[in-house]
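Read the structure below first, then the notes.
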Amino acid sequence: MTKTIALTIGFTAMLAVLGVFVWVTDAPAYLGHEPQTCNNCHVMDSQYENWYHAGHQNAAVCADCHLPHQNLASYYLYKGYSGMKDVYSFTTKSYPENIRATKQTDNIVQANCIRCHMDTVENILAGTQPFDRYCWTCHRSVAHGNRGLTLYPYQDSEVYGK
């Protein structure tokens with residue numbers, strides 16, 4: 001009997017702690033796609049600020065460009081992977097001073113540029129010239145605005161290769 005009571009109390013306490021965690025962190029918000037959620041960590045302030053003042057602010061949110069859209073499984077698996085990676089680096093303070101997309105993210109963003117702008121880029125994709133660069137090589141300030149809207153002084157794409 002006392003073992004059952006102890007298990008019940010332990011289970012109830014665990015549920016209470018989990019409930020407080022979900023409430024305090026607003027965990028359900030991370031299942032959505034609001035840009036404000038992506039900006040919950042102060043290290044993303046300049047990226048959010050740049051997006052907010054750029055052309056895509058009225059047309060696309062973070063998840064539209066930065067998550068794969070092949071199917072729901074790939075979308076949520078990558079969202080979970082990326083989110084946990086961000087939580088880890090934020091918690092351990094191991095994030096870089098200048099946040100840059102990884103090669104994997106570059107490929108996801110490129111696929112999403114093409115997905116959203118297929119009517120515009122289909123002639124380029126079908127053309128004879130090689131399609132050997134990212135869309136933002138030429139359209140640098142479209143998604144996140146001019147690089148001058150940042151907390152970091154050295155945002156030169158030639159220096160950082162992005």
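The values are calculated or read from the model by the stated rules, or taken from the named source; none is laboratory data. As the structure is a prediction and not an experimental result, all values here were calculated from the model. Cβ sites come from the backbone with ideal geometry, for glycine too, and all protein chains shown count toward neighbours. Ligands, DNA and RNA are stripped out before the accessible areas are found, and what is left, the full protein with its side chains, is counted by its heavy atoms. Shrake-Rupley method; radii C 1.70, N 1.55, O 1.52, S 1.80 Å.
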| message | Can you report the number of residues in the range 81-128 which are under 29 Å from residue 27 (Cβ atoms), aliphatic (A, V, I, L, M) and open to solvent by 70 Å² or more (accessible area, probe 1.4 Å)? | response | 2
| request: Within the range 62-84, track down each residue that is without any contact (Cβ under 8 Å) to a residue 40 or more places away in the chain and over 11 Å from the mean Cα position of the chain (by Cα). | output: 70, 71, 72, 73, 74, 75, 76, 77, 84
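Working carefully through the options 20, 43, find the one that is out of contact with any Pro (no Cβ under 6 Å at 6 or more places or on another chain), open to solvent by 40 Å² or more (accessible area, probe 1.4 Å) and assigned to a helix (DSSP H, G or I). Steps first, please.
On the way: 43 fails: open to solvent by 40 Å² or more (accessible area, probe 1.4 Å).
That would be 20, the only listed residue that is out of contact with any Pro (no Cβ under 6 Å at 6 or more places or on another chain), open to solvent by 40 Å² or more (accessible area, probe 1.4 Å) and assigned to a helix (DSSP H, G or I).
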| field | Residue tally, condition at pLDDT 85 or above and within 14 Å of the chain's Cα centre (by Cα), over the range 90-102 | value | 1
